[in-house]
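The values are calculated or read from the model by the stated rules, or taken from the named source; none is laboratory data. All of these numbers come straight from a predicted model, not from anything done at the bench. Counting neighbours? That spans all protein chains shown, and the Cβs are built from the backbone with ideal geometry, glycine included. Accessible surface areas use protein heavy atoms only, side chains included; no ligands, DNA or RNA. Shrake-Rupley method; radii C 1.70, N 1.55, O 1.52, S 1.80 Å.
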Amino acid sequence: MKNVKLLLILFISFLFTGAAIAQGTVKGIVKDAGSHETLVGASIVVVGTQSGVTTSLDGSFSLKVPAGKHTLKISFVGYQPTEVNVSLDQGQIKDLGVINLTSSTVGLQEVNVMASIAVDRKTPVAISTVQPQVIAQQLGNQEFPEILKYTPSVYATKEGGGYGDSRINLRGFSSNNIGVLINGIPVNDMENGHVYWSDWAGLSDVTQTIQVQRGLGASKMALSSVGGTINIITKSTDAERGGIIYSGMGNDGMHKYMFTLSTGLMKNGWAITVSGAHTFGNGYIDGTNFDGYSYFLNVAKQFTPNHRISFTLFGAPQWHNQRGNQHFISTYLGQRPTNEIPYPITDKYRYNSDYGYRNGKVYGGAYGYNYYDKPQASLNDYWKISENSFLSTAVYASIAKGGGRRVDGTGAKMLQWNYSVDEPYSTTKLTPYGTYDFDAVAAINMASLNGSQAIIGESINSHQWYGVLSTLNTKAGYMNYTLGLDARYYIGEHAKQIEDLLGGTYYLDSYGSTSGDINRPENTPLHTGDFYAYHDDGIIRWLGLFAQGEYVKDNFSAFLSGAVSSKGYNRRDYFLYTPGNQYSGWVNFMPWSVKTGANYNFSKHHNLYINGGYFTRAPYFNIVYPNYTNDINHGAKYERVVSGEIGYGYTSRMLNVKLGYYYTSWMDEGLRVSFGQVSSNISGLNELHQGVELTAVFKPVSKFVLNGMLSVGSWKYTNNVHFTAVDQNNNVLGTYSAYIKGLHVGNAAQTTAGLRASMEVVQGMNIGVGYTYFGNNYADFNPQNRTKADVTADAWKMPDFGLIDLDINYDFKLGPFNATIYGNVQNLFNTIYIADATDGLNHSASTALVWYGFGRTWYTGLKIRF
């Protein structure tokens, strides 16, 4: 019997040994053909089998292949697949070396150059790049900025919860201190620096890549990159003919339909790609239904291998009802003694006081409705002048129209909420369900002998924006030189326009020092479509020059860059001044910046980088014109920023780690204070933001990857502010002190952490589970309200919270087509948490105004490629 067992063991061992001998090994490294960066997670499959692996964290792979002749297919999302024929003998190891994959988007490398996309282990800045497959797998029905929540020092929320109403903070700075670029073109508002994500609510449908550059960033232009830069690269011209159809659905009646068609690059050099999407739903928050579209068109012509032009048009028109105002925690919980308002839905955390019904449909009140359409068109010329020189030029335009709903009139409080005590006014008209009673107000207006007492108006914020961005890159030895021109011209229109007289026949405008049209009689009856209250233009011209020298040799790279700009403001007021006297005249500023950095790769595993810079920023438009008139604040100061960073990186086949420390000092931040009917702008407010950031990726096997991040920040005000305001005749208007030294900056979590695991459980099916943690989050507050020297308490510290998300996707064949089904669940365990808060009188939970974050939401979609 023992002999039989021994023979059996020897036979089995022989079989396994034979199988092992009958195999060979193929290895190599997969890289981007343009940037030469390694591609992590690229797929290598033996054609005709299910045998395959994905590349490790250094882009390498090793695959056991049966002896003989085979074809390997190498593919990666966003790239054209390639096939390699191999012939192996038993036990042979064949090294294919570097396998370069070409982007499936024609000209992507040129766009990346214009957009200053950073390269890991070369560009000395802290970067996080979100690849297209991550966007497809994880976004679901989240807001666009939320896809970045696994990035260190990022805090993104849905704010009021309306479609596109999200916000993002980076290293404690809000969007007006974050440079946002789309294909290298800046999109921050020219007047105040803000980015309104509702303008780009459908942008995720056409996004190729997102790169977050924390700190100074790699952009050579003069940007408001106090906290960092967000580089968004959209689709361009697809290299291959084909298309996509997509259908998705989610919680609260959300539906989404999308298509993409592409001719591919045709033999005559032309290529056309068109994409469109429609998204609509009821909204998670009560009374926040929405309807949005997105469209994308790219037409390109390849004249020669060295010369190409590309025309791109994209936009995302939308309207949505929204929740504009926060409430006390006790209001949501129904615990206030005076609270007699029943909740119209079962989930009290979805409560929204800012809407009612009109003609049987949800009707947002003041700050309860928004619409916008901001198309952007650009004509890009890419010219490879020689082997060492490249010129890219973009001429672009954006003509936007939109605004938000307001309530005005002597009886406006009939449709308003007293947020100082978080209760309706005594005259507020509400239905038995606690929503605004527009019909009751309409009855009052119809009976009025003096026109409508309360009207619905639109706060119009439209603009015309034209620009040219041109960049020349040239190489000479180990040096790369960049010279560039950034020219912009902007007209922003601001007005109030009557949308609905609410049953009345006309409206009489109110007049004051900063409102009313002096060019028409005071008692002129106004009707739907007429402007009222104010009507003015903000006019801005910008001419910037930038230059950079970069030294790259072997394992060392360093750069020095500088930018200088001429920024001019002018203001035209149609209401407060007579024709011929409506312009303020130009007010000019010349901000500048300089930054430098270096990276050294000690080995293929270790690198160290350092950067630093200083820049000045022109004061924002409302700082120069503080009183909503053409009166100029000639004492407006430049804001100043000093920033530096040092970081270490470790890269291997299984583990990538990045660790960095940053320091950002923001000086002379603009602060606006009111003295009676006059507003004054105060300078001298300083903030210091510093912290440590850690990211790590662990991929022990081909089918599993673990991502982690941790950021610990310390963001504080560093000084008190004292100021005496005087008018143009040196009469003292008032004295002002803000006692804020040592207080934490509010409105963003100063400690964040994240951990996400992803695994291919069966062929084609990936499951991901992610956890994010947010702590040390202080309520937002206005420094000008901290006027008592004996009150030194921080703003209310919001409770820490952590959320778990789940995503799943499955690739399969649907007849002759490739298809993917996606599924996402956000906040899997329905955690109750506060995402946004504004500090109250006693800096505690009882007086803070808050928005609760979303509970459990879900989304699923099917994508078919042809």
Notebook entry, point to check: How about the range 746-774: which of its residues are in contact with a Phe, Trp or Tyr (Cβ under 9 Å, 6 or more places away or on another chain), hydrophobic (A, V, I, L, M, F, W, C) and open to solvent by 10 Å² or more (accessible area, probe 1.4 Å)?
Noted result: A753, L755, A757, M759, V762, M765, F774
Notebook entry, point to check: Which of (1) farther than 18 Å from D238 by Cα; (2) at pLDDT below 95 is the odd one out, the single condition K256 does not satisfy?
Noted result: (2)
Notebook entry, point to check: Could you list, in sequence order, the residues of the range 814-843 that are more than 27 Å from the chain's Cα centre (by Cα), open to solvent by less than 30 Å² (accessible area, probe 1.4 Å) and closer than 23 Å to F801 by Cβ?
Noted result: G840
Check: Do we have any residue at all in the range 516-530 that's touching a residue at least 12 places away in the same chain (Cβ under 8 Å), surrounded by fewer than 18 Cβ atoms within 10 Å (Cβ to Cβ) and assigned to a strand (DSSP E or B)?
Finding: no
Next item on the list: Mind listing whichever residues of the range 826-856 are under 19 Å from T331 (Cβ atoms), in a loop (DSSP other than H, G, I, E, B), of a type in the set (S, T, N, Q) and in contact (Cβ under 8 Å) with a residue 12 or more places away in the chain?
Entry: S844, S846, T847
Next item on the list: Tell me which residues, restricted to the range 640-656, are in contact (Cβ under 8 Å) with a residue 40 or more places away in the chain and either in a strand (DSSP E or B) or touching a strand residue (DSSP E or B) at 6+ places or on another chain (Cβ under 7 Å) (or both).
Entry: V641, S643, E645, G647, Y648, G649, Y650, T651, R653, M654, L655, N656
Next item on the list: Confirm whether Y859 is in contact (Cβ under 8 Å) with a residue 60 or more places away in the chain, in contact with a helix residue (DSSP H, G or I) (Cβ under 6 Å, 6 or more places away or on another chain) and farther than 27 Å from H722 by Cα.
Entry: no
Item checked: Residues of the range 786-805 satisfying the condition of being surrounded by fewer than 17 Cβ atoms within 10 Å (Cβ to Cβ) and not in a loop (DSSP other than H, G, I, E, B) -> G802, I804
Margin query: Quick test of your reading of the structure: Y382 fulfils all but one of (1) surrounded by fewer than 22 Cβ atoms within 10 Å (Cβ to Cβ); (2) in a strand (DSSP E or B). Name the failing condition by number.
Written below: (1)
Check: Which ones in the range 549-606 are open to solvent by 70 Å² or more (accessible area, probe 1.4 Å), outside any strand (DSSP E or B) and over 30 Å from E522 (Cβ atoms)?
Finding: D554, N555, W586, M590, F602, K604
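Given the structure, is H494 part of a strand (DSSP E or B), buried (at least 17 other Cβ atoms within 10 Å of the Cβ), modelled with pLDDT of 95 or more and more than 29 Å from the chain's Cα centre (by Cα)?
So H494 fails the test.
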Margin query: Among the residues that make up the range 329-338, is at least one of them touching a His at 6+ places or on another chain (Cβ under 8 Å), modelled with pLDDT of 90 or more and of a type in the set (G, A, S)?
Written below: no
Check: In the range 611-622, what count of residues is obtained for those that are open to solvent by 20 Å² or more (accessible area, probe 1.4 Å) and assigned to a helix (DSSP H, G or I)?
Finding: 1
Next item on the list: Check whether at least one residue in the range 226-240 is open to solvent by 40 Å² or more (accessible area, probe 1.4 Å), in a strand (DSSP E or B), without any contact (Cβ under 8 Å) to a residue 60 or more places away in the chain and within 30 Å of G404 (Cβ to Cβ), and report yes or no.
Entry: no
Check: Right, N298: open to solvent by less than 10 Å² (accessible area, probe 1.4 Å) and at pLDDT 95 or above or not?
Finding: no
Next item on the list: Give the residues of the range 743-780 that are touching a residue at least 60 places away in the same chain (Cβ under 8 Å), of a type in the set (A, V, I, L, M) and not in a strand (DSSP E or B), sorted by residue number.
Entry: V745, A748, A779
Margin query: Among the residues that make up the range 74-88, is at least one of them closer than 11 Å to K27 by Cβ, open to solvent by 60 Å² or more (accessible area, probe 1.4 Å) and part of a strand (DSSP E or B)?
Written below: no
Note to self: Whether any residue in the range 674-685 is at pLDDT 95 or above, in contact with a Leu (Cβ under 9 Å, 6 or more places away or on another chain), surrounded by fewer than 16 Cβ atoms within 10 Å (Cβ to Cβ) and in a strand (DSSP E or B) is what I want to check.
What the structure shows: no
Next item on the list: Could you list all residues from the range 273-326 that are in a loop (DSSP other than H, G, I, E, B) and either within 15 Å of G253 (Cα to Cα) or more than 24 Å from the chain's Cα centre (by Cα) (or both)?
Entry: N282, G283, Y284, I285, D286, G287, T288, N289, P305, N306
Margin query: From the list G202, G160, G164, exactly one residue is at positive phi and either more than 11 Å from the chain's Cα centre (by Cα) or not charged (D, E, K, R) (or both). Which is it?
Written below: G164
Check: Of the numbered conditions (1) open to solvent by 60 Å² or more (accessible area, probe 1.4 Å); (2) over 30 Å from Q582 (Cα atoms), H634 satisfies every one except a single condition; which is it?
Finding: (2)
